[in-house]
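Read the structure below first, then the notes.
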Amino acid sequence: MKVKKAVIPAAGLGTRFLPSTKAQPKEMLNIFDKPSIQYIVEEAVEAGIEDILIILGRNKKSIEDHFDKSYELEDKLKSKGKKELLEGVEKISNLGNIHYIRQKEPLGLGHAIYCAKAFVGNEPFAVMLGDDIVKSKKPCIKQLIEKYEEYNSTIIGVQEVEKSQVDKYGIVKGEKINERLYKVEDLVEKPKVKEAPSNIAILGRYVISPEIFPILQHTKPGAGNEIQLTDGLKELARRRNVYSYVFEGKRYDVGNKLGFLEATVEFALDDKELGSTFKKYLKNLIK
């Protein structure tokens with residue numbers, strides 16, 4: 001079955017970016033010239049996703065407004081002859097079929113995904129976390145979709161991380177099938193460095209079978225006293241083949257300040273209009 005739906009959890013409080021996120025969703029903080037969540041939505045659309053569900057929390061209405069049509073702004077830009085800006089604004093509201101639902105309580109990522117049950121139905125679906133932006137020739141989620149369609153099994157996007165950093169991620173223990181593919185044997189959420197089964201980390205992209213929903217319904221709170229998606233996937237791997245795929249591309253963890261700055265700087269350097277000037281500025285700055 002083709003993967004045509006994606007779920008983007010965006011209900012977190014963004015505490016690592018306070019006070020900026022006191023009244024503004026962290027997903028609306030700009031990475032260079034557009035909000036971080038727009039990069040995620042664009043990746044989904046480029047991968048052929050037709051319907052996107054964004055799971056919101058309180059005080060996240062600006063996300064809905066961003067992807068909605070803005071008649072007054074478009075009329076103003078049109079009247080002033082600002083064609084390029086107008087096209088950019090219209091493109092945002094035409095990205096795809098975007099739906100919204102609210103996670104009423106912050107009970108964890110597993111609970112957030114369970115909230116998407118009615119939207120997903122009995123179809124495989126992509127999950128794309130907003131803290132992870134991936135720069136790649138082929139959209140990261142497209143790489144996973146292709147593997148799902150090849151193996152007809154849940155695929156978890158992973159990459160190697162420094163061994164000292166494994167306690168920040170869900171970690172995969174698996175049987176190596178080929179250079180990039182592992183058959184999952186176990187998943188551990190944020191293990192202690194000395195106890196981690198590997199340094200293969202789950203990095204914010206998944207294509208999941210709908211079989212996950214009855215499992216999540218009965219998953220008890222785990223790490224952080226939250227319902228963890230990793231725990232649900234661990235149980236799914238006991239019942240069905242689940243694979244992890246080492247995707248191609250550079251991943252930025254924009255959920256922390258250093259990763260956010262790295263993405264902002266590198267995306268700015270890639271910009272055709274400002275990149276070379278910005279590069280000169282940086283060179284002069286660090287002399």
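Every number here is computed from the coordinates shown, using simple stated rules; none is lab data. Because the structure is a prediction, the values reported are computed rather than measured. For neighbour counting, all protein chains shown are included, and Cβ atoms are generated from backbone atoms with ideal geometry for every residue, glycine included.
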Calculated [θ] (222 nm, deg cm²/dmol) that DSSP helices of n ≥ 4 give over the chain, each run adding -39,500 (n - 2.57): -10000 deg cm²/dmol
Under-5 Å amide H pairs with D186, H placed in peptide plane, nonlocal only: K173
FRET E, pair K194, L95, Förster distance 41 Å, beta-carbon r, rounded to 0.05: 0.40
Tensor-based shape of the stretch 143-287 (alpha-carbon gyration tensor, a/c under 1.5 rounded, otherwise prolate or oblate): prolate
FRET efficiency estimate (nearest 0.05) - Cβ-Cβ, E50 to R239, R0 25 angstrom: 0.30
Label point distance in nm, S62-L261, each placed 7 Å from Cα along Cα→Cβ: 2.2 nm
Sequence ranges 218-227, 37-46, ranked by mean other-Cβ count within 10 angstrom, highest first: 37-46, 218-227
Calculated from backbone phi, Karplus (6.51, -1.76, 1.60) coupling profile of the stretch 241-247 in Hz, x at Gly/Pro: 5, 10, 10, 10, 10, 7, 6
Integer Hz, Karplus 6.51/-1.76/1.60 couplings in order for the stretch 134-141, x for Gly and Pro: 10, 9, 7, 5, 9, x, 3, 5
Fraction of the pair-distance distribution of the stretch 1-51 above 19 Å, Cα-Cα pairs, percent: 37 percent
Listed values (i) 155; (ii) 115; (iii) 197, entry calculated as volume of the Cα convex hull per residue in Å³: (i)
Mean-position separation - Cα centroids, the stretch 255-277 and the stretch 110-165, in angstrom: 24 Å
Label-point gap, in nm, between D75 and Q165 - each point 7 angstrom along Cα→Cβ: 4.9 nm
